[in-house]
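Q: Before we start, here is the structure in question, set down as structure tokens.
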Amino acid sequence: MKIFVVNAGSSSLKYQLIDMENEKVLAKGLCERIGVSGAISHKAADGRNYSAETPMPTHSEAFEAVVYALTKSEAKVIDSFDEISAIGHRIVQGGSIFKESCLIDSEVIDKIEQLSELAPLHNPANLLGVRACIKIFGEKIPQVAVFDTSFHQTMPPKAYMYPLPYEYFEKYGVRKYGAHGTSHRFVSDRLADIEGKAKKDLKIITCHLGNGCSITAIKDGACLDTSMGFTPLDGFMMGTRSGTIDPSALTYLAEKENLSPADVNRICNKESGMLGISGVSNDNRDICAAAEGGNKRAQLAIEMQRYEILKFVGSYIAAMNGVDAIAFTGGIGENDPDLRKYVCDNLTFIGVEIDDEMNKLRGKEVKISTDASRVNVYVIPTNEELAIARDTLEIISK
Ligand code: AMP
């Protein structure tokens, strides 16, 4: 059984075709510059490639290019889309409505649309993908929505409420929703598998550290708390996002610099974080290289981010009254031994001990704590596409 996984952005479309018999990726690719010009780059698992520049005024033409790449190009992997059992879509914001993944119908589309207010950059773009698939494949292929927020829907009110006047929660749904839920769920499921224990019997902290970053506390098999909030701006500093800061600093700056709400949003989302502090880049590799070369602001950015990560981990240990296992994932979490060492070396007070040799490994699933460590620490590469494909298969099999 083959599942097609789609992650549609406003001008891009990422996809993977996964064979669920062995969970192997048969092909993956990316359409870019949709609405402007159009280009596809497609890779089959055996190394064959196909790329082309072709007009993509809308996502429909992008999907037509994908169908061609998968079924007819020199890197084709199937004869026809009829071989595909279902399509799984990544949807960023499911609000309080979608507590789990679901089959897409017109009612679901309406609800995702309503939730666009909470994710104006993402949900409309995700829906472009859904609608284009319906246009091209009709009702023939079932489509499933998998929400980044669902995993966090188990948070109790004490974790998700903001201490603002209650009416803003009632009127506008202003509360914490979290993000990266598909990744936190995948990694914590895998961690429980490796530990050979039921997830409900473990206190877990998952650190998804990439260009976007979030940390989640998982207790009794469910999300207790997470660092991202009403939007993925919350939490701690990321590539270009500020994370939490005193809102008064923003109102003060808005007055001083005559900034509109949109300006503040842009500054906090696109010009802050590691980029804002270092002035070098939003990319961890560039910042680490600059820091090693003596760049003081790059060094400060790294120190600040690591310190904030440590504080989140520490606060979640307290929130759960302990921790059994910690997992690092995402581009930085999987590839930055120095960051992991910093965090773990500051957790020796609860008996964390890491194996420096194992910790040097990058991008691999590995236990980096020693056998003597009272907390098991892992690197577990995330795989959101596989998580979406698994959900999709489960839902169409029901
Ligand atoms: P993601 O958003 O999960 O793709 O992660 C992107 C981030 O991971 C970027 O900041 C990269 O610099 C960082 N990253 C990827 N590979 C490495 C590496 N080998 N060493 C350090 N950071 C890395």
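Q: With among the acidic types (D, E) and modelled with pLDDT under 95 as the only criterion, which of E117, E107 stands out? Please lay out each step first, then the result.
A: Values: E107 fails: modelled with pLDDT under 95.
When all the criteria are applied, what remains is E117.
Q: Which of the residues spanning the stretch 85-96 are crowded, with 20+ Cβ neighbours inside 10 Å and out of contact with any Ser or Thr (no Cβ under 8 Å at 6 or more places or on another chain)?
A: H89, I91, listed by residue number.
Q: Would you call E74 open to solvent by 40 Å² or more (accessible area, probe 1.4 Å) and in contact with a Lys or Arg (Cβ under 8 Å, 6 or more places away or on another chain)?
A: Details: open to solvent by 40 Å² or more (accessible area, probe 1.4 Å): yes; in contact with a Lys or Arg (Cβ under 8 Å, 6 or more places away or on another chain): yes.
Considered against the rule, which asks whether it is open to solvent by 40 Å² or more (accessible area, probe 1.4 Å) and in contact with a Lys or Arg (Cβ under 8 Å, 6 or more places away or on another chain), E74 comes out as yes.
Q: For the stretch 337-385, enumerate the residues that are of a type in the set (D, E, K, R), in contact with a Ser or Thr (Cβ under 6 Å, 6 or more places away or on another chain) and within 20 Å of F312 (Cα to Cα). Let's see the steps before the verdict.
A: So in the stretch 337-385, the residues of a type in the set (D, E, K, R) come out as 338, 340-341, 345, 353, 355-357, 360, 362, 364-365, 367, 371, 374, 384-385.
Okay, now just the ones that are also in contact with a Ser or Thr (Cβ under 6 Å, 6 or more places away or on another chain), so 353, 355, 384.
Result: E353, single match.
Q: Among residues belonging to the stretch 256-280 that are at positive phi and within 16 Å of the ligand (Cβ to nearest atom), point out the one that is most open to solvent (accessible area, probe 1.4 Å). Outline the logic, then answer.
A: Restricting attention to the stretch 256-280, the residues satisfying the condition of being at positive phi are 258, 273, 279.
When the remaining residues are screened for being within 16 Å of the ligand (Cβ to nearest atom), the result is 273, 279.
Working: G273: 7, G279: 53 Å².
Top of the filtered list is G279.
Q: (1) farther than 19 Å from A387 by Cβ; (2) open to solvent by 80 Å² or more (accessible area, probe 1.4 Å); (3) modelled with pLDDT of 95 or more; (4) aliphatic (A, V, I, L, M): which one isn't true of A159, the others all being true?
A: (2)
Q: Considering only the stretch 53-71, how many residues are under 26 Å from the mean Cα position of the chain (by Cα) and open to solvent by 50 Å² or more (accessible area, probe 1.4 Å)?
A: Number satisfying all stated conditions: 1.
Q: Consider L253 carefully, then state whether it is among the hydrophobic types (A, V, I, L, M, F, W, C) and surrounded by fewer than 17 Cβ atoms within 10 Å (Cβ to Cβ). Before you say what the answer is, go through the steps one by one.
A: Working: among the hydrophobic types (A, V, I, L, M, F, W, C): yes; surrounded by fewer than 17 Cβ atoms within 10 Å (Cβ to Cβ): yes.
Yes, satisfied.
Q: With the checklist (1) within 13 Å of the ligand (Cβ to nearest atom); (2) small (G, A, S); (3) not in a helix (DSSP H, G or I) in hand, flag the one item A327 doesn't pass.
A: (1)
Q: Quick one: L103 ticks every box in (1) in contact with a Gly (Cβ under 9 Å, 6 or more places away or on another chain); (2) within 28 Å of F186 (Cα to Cα); (3) not charged (D, E, K, R) bar one, so which box is it?
A: Failed condition: (1).
Q: Considering only the stretch 97-107, how many residues are under 22 Å from the mean Cα position of the chain (by Cα) and either open to solvent by 50 Å² or more (accessible area, probe 1.4 Å) or farther than 14 Å from T392 by Cα (or both)? Break it down into steps so the answer makes sense when it comes.
A: Quick first cut of the stretch 97-107, residues under 22 Å from the mean Cα position of the chain (by Cα) only: 97-104.
Adding the requirement that they be either open to solvent by 50 Å² or more (accessible area, probe 1.4 Å) or farther than 14 Å from T392 by Cα (or both) leaves 97-100, 103.
Qualifying residue count, the stretch 97-107: 5.
Q: Restricting the stretch 357-380 to residues that are in contact with a Lys or Arg (Cβ under 7 Å, 6 or more places away or on another chain) and over 19 Å from K203 (Cα atoms), which is most open to solvent (accessible area, probe 1.4 Å)?
A: M358
Q: For the list (1) under 25 Å from the mean Cα position of the chain (by Cα); (2) modelled with pLDDT of 95 or more; (3) surrounded by fewer than 18 Cβ atoms within 10 Å (Cβ to Cβ); (4) within 16 Å of the ligand (Cβ to nearest atom), I need the number of the one condition that Q305 fails.
A: With respect to (1) under 25 Å from the mean Cα position of the chain (by Cα); (2) modelled with pLDDT of 95 or more; (3) surrounded by fewer than 18 Cβ atoms within 10 Å (Cβ to Cβ); (4) within 16 Å of the ligand (Cβ to nearest atom), Q305 is out only on (3).
Q: So A198 passes all but one of these: (1) at pLDDT below 95; (2) exposed (fewer than 15 other Cβ atoms within 10 Å of the Cβ); (3) not charged (D, E, K, R). Which condition number does it fail?
A: It fails just one condition, (1).
Yes/no matrix, rows are residues, columns are (1) of a type in the set (A, V, I, L, M, F, W, C); (2) more than 20 Å from D391 (Cβ to Cβ); (3) modelled with pLDDT of 95 or more:
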site	(1), (2), (3)
M20	yes, no, yes
S37	no, yes, yes
A52	yes, yes, yes
T71	no, yes, yes
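Q: Those residues that are of a type in the set (G, A, S) and open to solvent by less than 50 Å² (accessible area, probe 1.4 Å), I need them from the stretch 281-302; list them, please. Outline the logic, then answer.
A: Let us first name the residues in the stretch 281-302 that are of a type in the set (G, A, S), namely 281, 289-291, 293-294, 298, 301.
Result: S281, A290, A291, G294, A298, A301.
Q: Now a separate question. Tell me which residues, restricted to the stretch 191-211, are within 16 Å of the ligand (Cβ to nearest atom) and in a strand (DSSP E or B). Before you say what the answer is, go through the steps one by one.
A: The first filter runs over the stretch 191-211 and keeps only residues within 16 Å of the ligand (Cβ to nearest atom), leaving 206-211.
Scanning the stretch 191-211 gives T206, C207, H208, L209.
Q: When you go through (1) crowded, with 17+ Cβ neighbours inside 10 Å; (2) within 16 Å of the ligand (Cβ to nearest atom) one by one for F312, which number turns out not to apply?
A: All conditions pass for F312, except number (2).
Q: So, one more: Could you identify the single residue in S188, S214, S183 that is open to solvent by less than 10 Å² (accessible area, probe 1.4 Å) and in a strand (DSSP E or B)? It would help to see each step written out before you state the result.
A: Values: S188 fails: in a strand (DSSP E or B); S183 fails: in a strand (DSSP E or B).
The unique qualifying residue is S214.
Q: Can you pull out the helices (runs of 4 or more DSSP H) entirely within the stretch 333-398 that have at least 1 residues that are within 14 Å of the ligand (Cβ to nearest atom) and over 26 Å from the mean Cα position of the chain (by Cα)? First the steps, then the outcome.
A: On the way: elements: 337-345, 356-359, 384-397.
Fully inside the stretch 333-398 and qualifying: nothing.
The values are calculated or read from the model by the stated rules, or taken from the named source; none is laboratory data. Please read these numbers as outputs of a predicted model, since none were measured by experiment. Every residue, glycine as well, gets a Cβ built from its backbone with ideal geometry; the counts of neighbours run over all protein chains shown. In case anyone asks, the SASA skips ligands and DNA or RNA and just uses the protein heavy atoms, side chains included. Shrake-Rupley method; radii C 1.70, N 1.55, O 1.52, S 1.80 Å.
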